[in-house]
Amino acid sequence: MIDENAYDVVVVGAGFSGLYAIHRVRQLGLRVRCFEAGDGVGGTWYWNRYPGARVDIESMQYSYSFDDGLQQEWRWPEYFSPQEDLEAYANHVADRFGLRSDIELNARVNRLAFDERANRWHVSTENGHHVTAKYIVAATGSLDAMNLPPFPGLESFGGQWYHTARWPKEGVRFDGKRVGLIGTGSTGIQATPVIAQSAEHLFVFQRTAAYSLPAYNRPTDPAYERAWKADYPQRRAKMFGHFAASYTENDQYRSVFDYSPEERQRILEEAWAARNGLLFMRTFSDISTNLEANEIVAEFVRGKIRATVRDPKVAELLCPTTYPIGAKRICMDTGYFEAFNRDNVTLVDVRANPLAEITPTGLRTTADEYDLDIIVFATGFDAVTGSLTRMNVTGLGGLDLREKWRDGPTTFLGFLVAGFPNLFMIHGPGSPGVLVQMITGGEWQVDYVTKIIEDMERSGRQRIDTAPEWEQRWNVEVEEAAKRTLYNYADSWYVGANIPGKPRIFMIYIGGFDRYIQRCTEQVANGYEGFVFDGSVPAEPR
Ligand code: N01
């Protein structure tokens, strides 16, 4: 008799990687069930529906490549899509490929336990589902577990408060309201100008100023769309061979020091006027690797802030000076700095005067009190590991993933954890994750993992694992790649510095998507070197 609750594969999360994983697993003829915490599909683009939410990579690339019919027929109205267009696209994909019948919505996974005698995972959800599966594909997203710092007094607040990553579907009305926004990362920077348009007054509480570049969003030019669609296969192929999984017309750039100061200024001005944020960061080859080169570009960007913000004191406060440009994810905005020229927007420096408590009527810093009707927390995420550890995962011998990662995450090739067999992570720690264009990166990882599943099913294998020596070796590769850059100079979520007590480890492989593909492919081609099947003895790393 068939056990209705026994699946070959459980996919956790119906974001972009999860949706594609369902599709691929089905193509293998295996039984799949996807559990999704939200009441709709889209993952990041389902949850992050705060005002101004928009992707920072052009949508012609930030989209699936696996089906040419899909990429030819879909139309992106804007160059950088707003959240609602990305959510609509995820829904279209779910319908077009008939994925919904395998997705359980409103089902947050709260327990994953490996049964080593049966070689099966037991999966439970908050709303009472209990199933088993041979394999888990954890497509839980790098930026899913929201970070709400424990501000004292929050429960006493008499107004409304929201976290940007759990924004209500019906939206929030700001007109006539005094609003406090805490956090000036990518999210706060996108939300500020939109909230400012309707709020009676907006107070932006800034702890660290951020580098932000103009998005130059615009309606999609039909000629640009035609060019992409005519050339999609070639461009996608280039993306799969590109260090950032992106397509650029010209990646031939040189050191800052190859140019005279006047030439640099001209190049930067041209790039500022013509290139959107992420491309601007590729103006010179050494921006991310040489502090002196970086400072030249950082100072140029500070000059733009000073030229935009009328009040020199506010402008200076908005100038980031404590870390190199690009060492935190660069932000892209539409009118962020301009918003501080409005009479109804006030910047509050909570580095100098930290937030002390939330009060029944607003918020108190060590210097002042602010009466507020609404507080918006744009305070980010327990990134990369949070969505995995929050699921209560136990592997061989009952080992808890939180315990295993107490001193920082360890993985082999960013997708497998020793002692947690048959559990495949997409965009997991040690993978290129958010440092590459994530839809393409996710597609590649899903293809890789499903190929492994296919191989295992064909050869009758029950269990795939790795060994701590191989994790250590991979961690060294991840660390070495990070050391060649300036990323370690910032207290960012990349290193877990935004969560008190989280071990400081660079959690993302920055050696390049192309290099990552090569490394993953060669380990498999070398007879699955570094992997352990059915409890066999692992090979020693060379
Ligand atoms: O989160 P963040 P985010 N008191 O962690 C502040 C992606 N994304 O949601 O820097 C006061 O970057 C914190 O201050 P500090 C993108 O990858 C993409 O903005 O720690 N302030 C910081 O200012 C991005 O990197 C898009 O000193 C506190 C802010 O909150 C990632 O998501 C759009 C505080 C958090 O910034 C995360 O971005 C949006 C405290 N106790 C997001 N705790 C696009 O595609 C935190 N902060 C464009």
Seminar exercise, completed: region 478-502 scanned against label point 7 Å out from residue 472 along Cα→C-beta; backbone N under 16 Å for 478-480
Exercise. Mind checking the dipole of the chain: about its Cα centre, +1 per Lys or Arg Cβ, -1 per Asp or Glu Cβ, Debye to the nearest 20?
Worked result: 180
Exercise. Which value in nm describes the separation of the simple spin-label points at residue 223 and residue 273, placed 7 Å from the Cα toward the beta carbon?
Worked result: 1.9
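Of the accessible area of the chain, with the probe set at 1.4 angstrom, what percent is carbon plus sulfur?
That share works out to 49 percent.
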Seminar exercise, completed: For region 475-542, whose charge dipole is built from +1 on Lys and Arg Cβ atoms and -1 on Asp and Glu Cβ atoms, the candidate among 493, 505, 482 with its Cα farthest towards the positive end is 493
Problem set entry | Cα→Cβ-extended label distance, 7 Å offset, between residue 154 and residue 115, nm | 3.8
For this session: Take the alpha carbon gyration tensor of region 331-387, find the square roots of its eigenvalues, order them as a ≥ b ≥ c, and report rounded if a/c is under 1.5; if not, report prolate when a/b exceeds b/c, else oblate.
Result: oblate
Seminar exercise, completed: At R0 = 30 Å the Cβ-Cβ FRET efficiency linking residue 2 and residue 108, nearest 0.05, sits at 0.70
Problem set entry | FRET efficiency for residue 352 and residue 197, using Cβ-Cβ distance with R0 set to 30 Å, rounded to 0.05 | 0.60
For this session: Within region 214-232, which residues have the backbone N less than 19 Å from the label spot 7 Å out from residue 84 along Cα→beta-carbon, could you tell me?
Result: 217-220
Exercise. If the chain between residue 462 and residue 28 were fully stretched, how many nm would it gain, using 0.36 nm times the residue separation less the Cα-Cα distance?
Worked result: 154.6 nm
For this session: Find how much the distance from residue 238 to residue 129 grows on full extension, using 0.36 nm per residue of separation minus their present alpha carbon separation; answer in nm with one decimal.
Result: 35.0 nm
Exercise. Does region 409-490 come out rounded, prolate or oblate, given a ≥ b ≥ c as the square roots of the eigenvalues of its C-alpha gyration tensor, rounded meaning a/c under 1.5 and, failing that, prolate meaning a/b above b/c?
Worked result: oblate
Problem set entry | Extended-chain gain in nm, criterion 0.36 nm per residue less alpha-carbon gap, residue 454 and residue 122 | 117.4 nm
Problem set entry | residue 332 long-range amide H proximity, modeled H, under 5 Å | 213
Problem set entry | Area accessible to solvent at residue 520, 1.4 Å probe radius, in Å² | 0
Exercise. Rolling a 1.4 angstrom probe over the protein heavy atoms, how many square angstrom per residue are accessible across the chain?
Worked result: 40
Seminar exercise, completed: Classified through the alpha carbon gyration tensor (a ≥ b ≥ c as square roots of its eigenvalues; rounded if a/c is under 1.5, else prolate when a/b is larger than b/c, else oblate), region 34-109 comes out oblate
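The values are calculated or read from the model by the stated rules, or taken from the named source; none is laboratory data. None of the values given here were measured: they were computed from a predicted structure. Positions of Cβ are backbone-derived with ideal geometry, glycine not excepted, and every protein chain shown enters the neighbour counts. In case anyone asks, the SASA skips ligands and DNA or RNA and just uses the protein heavy atoms, side chains included. Shrake-Rupley method; radii C 1.70, N 1.55, O 1.52, S 1.80 Å.
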